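Notes follow the structure.
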């Protein structure tokens, strides 16, 4: 396969990048020059600009050429003609020959040209750009569409351009008023959108479908395509959890529904994050009943990714790259030695009975006078910035109208923040898309894609390294006795420098190889115009080959008296683990598609399709202990060796489906789509495997009604459409053969993945266990979706509006009757289709695009969306009292309600504490937190908790709660001026709350500088409970008082606005580039995650609190790059 791709690349590179070398074949006898022009235009795409009256003077041609270069063909055509020519881009400008005299050159004097520009209905067009071709002079029309312009000669050409209309070139008319009629640009009306199993004109679209083009995607630079979509698509929620190289753990959903189905070139594939952005042509997001055509996997919406193909008539080679630097953002800072002593002394002084400092002045003084310096653990382990780079090479084009091709090679390299360079990620993307007309009726298509990515990281995860960085003492040295050969035995769990260096403590190597292939044949059925048959087959396979090498390392204490280094070993024993899995899948499709227009107004599109897919998984692992630290299984010991396969790594799923769709529109005015999918899944018992998933969508283009279309009052309305949809989809993702009875073998096990069992007479016998009780009625979730929408375009694109409201009702969600059945059931209970929920929300998007003068154009796009889910029914048992039954009953309640205590501020003085109406206790000090007595009973207790915020997993502890904005918005500004382009993306979220991580709640070993902004006595040596103390106020209470994590004081409002990306580019003028055979050359600088505006204190509002807040930080990047096209 790779040899075939190599041959394709070599063949494509042999195609000359210069369009001048395109072959032209002519066989003309006594033909006109205009006929020759037409023949060259059809074969090369060149256009010819001339005056009709000139060609009357031309001589007839008799000419025979076979595959000659364009230049040769033009020379032959113009031989002995009274004309000459000039090539500008791909336009041949015909000029009359002028006889030059050796003494006098005859120049045409400048003339003034006047005229009027109107639309097809005769309406004047103000603001039309009128430019003299090939010069920088020009003007714009006034309010009546009139213009006046001085041009250099009577041979000049004028270019008329206006937003929403087709640009025109016309020769000037001396002494006459020019009348120019601009035609509306039909491209906007003919723009197509990729939908399920086909395409549809955007103007007649009835579903809620959002699209984003390749040009819009690549304005953001990131290793993960999901991050490049942030803020650009209404309803598509993207939340970046980490910037760790090779870690693709975004929260990515449509309308809060859950993980969507990803479809690449018609095949369900889940690797959008690892795709090369430059191979993507467009992305369509199906958000409502438009997704129902994908049936049992479409309950959470569908994302359709279409890759590029070669452009007809063009041969192009393009190279682009960027190099950038990453900086950690939102990264908290641990305390230096002096601040650590201060905080720990305050903590020990905060004692009602026996306040005393932990550190004496003898310990503190050397750090105060500079004799000793704090250890900068960040500086020793982390670098201030990390490099990243990206390279892309592509070749595309066509061989006549028979074959087109697109070949793309991408390389991504991202470094991590560890100085050891042990954290890094590399990825290679290779794609070849080829389409060929085998016969006039048969088209073949072959799409091949390969992804190779590799992540190297230390043996210990990043969260563990940060935990030890924050807890390491700044008064401990990095090296024992400052000897670089001996790492110091510090008091954190591990020496952070050791576990951040793969050479010291071992590594994790994650290798993934993905191959994807699709072959299809399209056949135009004879005798039935508009009938197309198609067959498609795809084979995909992903191979994961992972290694984990645990290496013993030693840290030391130094005894100065004996000059001896006492060693302490960690990570015993040396160990190597190898894990391998292969995940192949196949998909087969057969379809008939019929498209026809009856009586010029009745447009019909019919689809019938059969599809079946099979996906399997298999894998195994092996572990060996090592006497010699070599990271290979063969070097291991036989004692304690493990070789096994997890039961969850061996699986097989299959799906079959019958699809039908009927599209009808009357004159693009009344629109209707009905579709269904009869889907089958192997995950369910016989009799429950098949389901019927219908949808219906309709639309009304009010702007096409006579009362609006023919009324000058509404002439500013170009398109106004109302649409609605209803559909049923399914979800089999959570179910896995729970109808099967029998035994689980092997059964049980431990955290080391060793199977349960016992040793009998020297032989290991695995355990056998009972399965859950089978459920013969289990089936998929069912989702019913309703969507109402409005689309409008006004003033030829000056304003565009899209608005949607939606609701999704899900039933049959899986749950156990653990509390609603007696405990003496006699077996583990199976899951059942018991629960239900409802998701509602809205989306709004507005666009504005305009051109000012000839050289400046800009566009503005803004979108905002809100979504929220309510539990309709939750299987549960009744609580012991009515209050607990109300508070703990999540039925008929939003699924994100966070209960906690209200917050009313901090005590300002001893006097306020003494007079406070609610009992406080003896230990309360100024600066301590005041919580709300919600039920006004004079006591702060559990009865005062009420809904104060929103979060995912509200019933878990702070580590399990997730901050995911319910309100999301984005705003994009783009502009172009004389080769300079600017793109700015603002993105943000609201209704998002987060709990602080562990190091913001406790002081252990060391603390973060967050704690320095605190209430504390002016005299740190005095008893804090002495009423004569004078207090210095701060954000936090006096050290030792910790806020309650489930309170308005402990919860951060993580609403934010972020400048997500800015890109500034400059393209060199084509006049300079064409001379050296370059089509375009652009340089750019790009920034990512540049500035964040938020009221959250001490945390990045997008960074979650999972893993106790020790996650690898987000990054701020600046990139420099260029792109060149031949």
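Every read-out reported here was derived from the displayed coordinates using simple, explicitly stated rules and does not represent laboratory data. Keep in mind it's a predicted model, so treat the numbers as computed, not measured. We place every Cβ from the backbone using ideal geometry, glycine too, and count neighbours over all the protein chains shown.
Against the globular-protein guess of 2.2 N^0.38 Å, express the Cα radius of gyration of the stretch 632-784 as a ratio, rounded to two decimals. Intermediate results must be reported in sequence, preceding the final value.
Values: Rg = 28.6 Å, N = 153, 2.2 N^0.38 = 14.9 Å.
Normalised by 2.2 N^0.38 Å, the Cα Rg of the stretch 632-784 equals 1.92.
Once the chain from residue 922 to residue 776 is taken as fully extended at 0.36 nm per residue, the excess over their C-alpha distance is 46.4 nm. The spread of Cα positions in the stretch 1021-1062, taken along each principal axis and listed from longest to shortest, comes to 54, 26, 12 Å. The Cα atoms of the stretch 189-309 cover 42, 30, 24 Å along the three principal axes, with the biggest extent listed first.
Cα-based values for the stretch 662-735, radius of gyration first and Dmax second, are 19.6, 63 Å.
If you wrap a convex hull around the C-alpha atoms of the stretch 111-185 and split its volume per residue, what is the figure in Å³? Walk me through the intermediate numbers first.
Numbers: hull volume 5.6 nm³, N = 75.
Expressed per residue, the convex hull around the Cα atoms of the stretch 111-185 is 75 Å³.
For the stretch 205-263, the gyration tensor built on C-alpha atoms gives an oblate shape. Its axis ratio a/c (a ≥ b ≥ c) is at least 1.5, and a/b is not larger than b/c. Per-residue packing, averaged as other Cβ atoms within 10 Å, sorts the ranges 594-605, 74-85 into the order 74-85, 594-605, beginning with the highest. Summary of packing: across the peptides 495-507, 864-876, the per-residue average of other C-beta atoms within 10 Å ranks them, highest first, as 495-507, 864-876.
What number do you get for the stretch 982-1126 when its Cα radius of gyration is normalised by 2.2 N^0.38 Å, N = residues? Don't skip to the answer; put the middle values down first.
Details: Rg = 24.4 Å, N = 145, 2.2 N^0.38 = 14.6 Å.
My calculation over the Cα atoms of the stretch 982-1126 gives 1.68.
For the pair the stretch 332-355 / the stretch 193-235, the C-alpha centres are spaced 53 Å from each other.
Defining a contact as two alpha carbons under 8 Å apart and six or more residues distant in sequence, what relative contact order in percent does the chain show? Write out the running numbers ahead of the final one.
Working: 2865 pairs, mean separation 109.2, N = 1126.
The normalised contact order for the chain reaches 10 percent.
Label zone of residue 327 (point 7 Å out along Cα→Cβ, amide N under 20 Å): in the stretch 225-244 this covers 242-244. Calculated FRET efficiency, residue 191 and residue 908, Cβ-Cβ r, R0 51 Å, to nearest 0.05? According to the calculation, E is roughly 0.20.
Mean residue ellipticity at 222 nm, helices only, the chain: -2500 deg cm²/dmol; runs of at least 4 DSSP H residues each add -39,500 (n - 2.57), and the sum is divided by the number of residues. Relative to the longest principal axis of the Cα atoms of the chain, the long axis of helix 337-349 lies at roughly 50 degrees. With contacts taken as Cα pairs under 8 Å and at least 6 residues apart, the stretch 111-185 reaches a relative contact order of 39 percent.
Global dimensions of the stretch 527-642 from alpha-carbon coordinates: Rg and Dmax equal 30.9, 104 Å.
Fully extending the segment from residue 169 to residue 711 would add 192.0 nm, taking 0.36 nm per residue of separation and subtracting the current Cα-Cα distance. The angle between the Cα long axis of helix 33-44 and the longest principal axis of the Cα atoms of the chain comes to about 20 degrees, rounded to the nearest 10. For the stretch 16-96, the square roots of the Cα gyration tensor eigenvalues, ordered a ≥ b ≥ c, give a/c of at least 1.5 with a/b no greater than b/c, which places it in the oblate category.
Quick one: order 964, 556, 294 by neighbouring beta-carbon count within 10 Å, fewest to most. Please report the intermediate quantities before stating the final value.
Values: 964 23, 556 20, 294 27.
Exposure proxy ranking, most exposed first: 556, 964, 294.
With a Förster radius of 45 Å applied to the beta-carbon distance between residue 572 and residue 678, the computed FRET efficiency rounds to 0.15. Using C-alpha pairs below 8 Å separated by at least 6 residues, the relative contact order for the stretch 189-309 is 29 percent.
So if R0 is 45 Å, what FRET efficiency would residue 75 and residue 848 give, r being the distance between their Cβ atoms, rounded to the nearest 0.05?
The pair residue 75/residue 848 has a calculated efficiency of 0.40.
The label-point distance for residue 977 and residue 594, in a model that sets each label 7 Å from Cα toward Cβ, rounds to 5.7 nm.
Relative to the compact-globule estimate of 2.2 N^0.38 Å, the Cα radius of gyration of the chain comes out at 1.11. Taken along the Cα-to-beta-carbon direction at a fixed 7 Å, the label points for residue 32 and residue 891 span 8.4 nm.
Considering only the Cα atoms of the stretch 418-505, their convex hull presents on average a projected area of 8.2 nm².
Compared with the alpha-carbon gap, the fully stretched path from residue 1004 to residue 96 is longer by 318.1 nm at 0.36 nm per residue.
Between residue 533 and residue 60, the simple spin-label model (points 7 angstrom out along Cα→Cβ) gives 5.0 nm.
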